[in-house]
């Protein structure tokens, strides 16, 4: 097992006790951005399920609600349907979900995986892709996790992205 795999398969890393208040606020703000016409959601790179678990507890309208991560240990914390998979090869049909989320994941990907992963996110989306990445993050202050950039995209027929009015920095 590589050092990276060991890191992501450590139960202490995914423990719910490690969820900070800033993370909870971010999850609430992200859930508020879900367009009203969304019925099905998949969260790619869901980790311990912080986002899908929040949706499970606070909304009954999403069917299916699916978490996807490559970490077997992380998925043990997910309280909804879940699949173990990598972002660059997702085991879903084209257009299977109204909303595909990918929260604080793509900035960790190698260039080749990044390109393949973005294609996969768009491929399985029927309506929207919501991506968040750290923005203006403080690397010296661990109490301040910085701001996030959240954007909802509508995948274009040709595989390009059309921005949607939900784009904003949080």
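Read the figures in this text as sums done on the coordinates, not as results from a lab. What you are looking at is a predicted structure, and each value in this text was computed from that prediction instead of being measured. Note that each Cβ is placed from the backbone with ideal geometry, even for glycine, and that neighbours are counted across all protein chains shown.
Figures for the structure shown
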quantity	calculated
Peptide ranges 62-68, 16-22, 114-120 listed from the most packed, as the mean C-beta count within 10 angstrom indicates	62-68, 114-120, 16-22
Estimated inter-spin distance, residue 36 and residue 16, nm [label 7 Å along Cα→Cβ]	3.3 nm
Rg and Dmax [Cα atoms of region 4-119; Å; Rg one decimal, Dmax integer]	13.7, 39
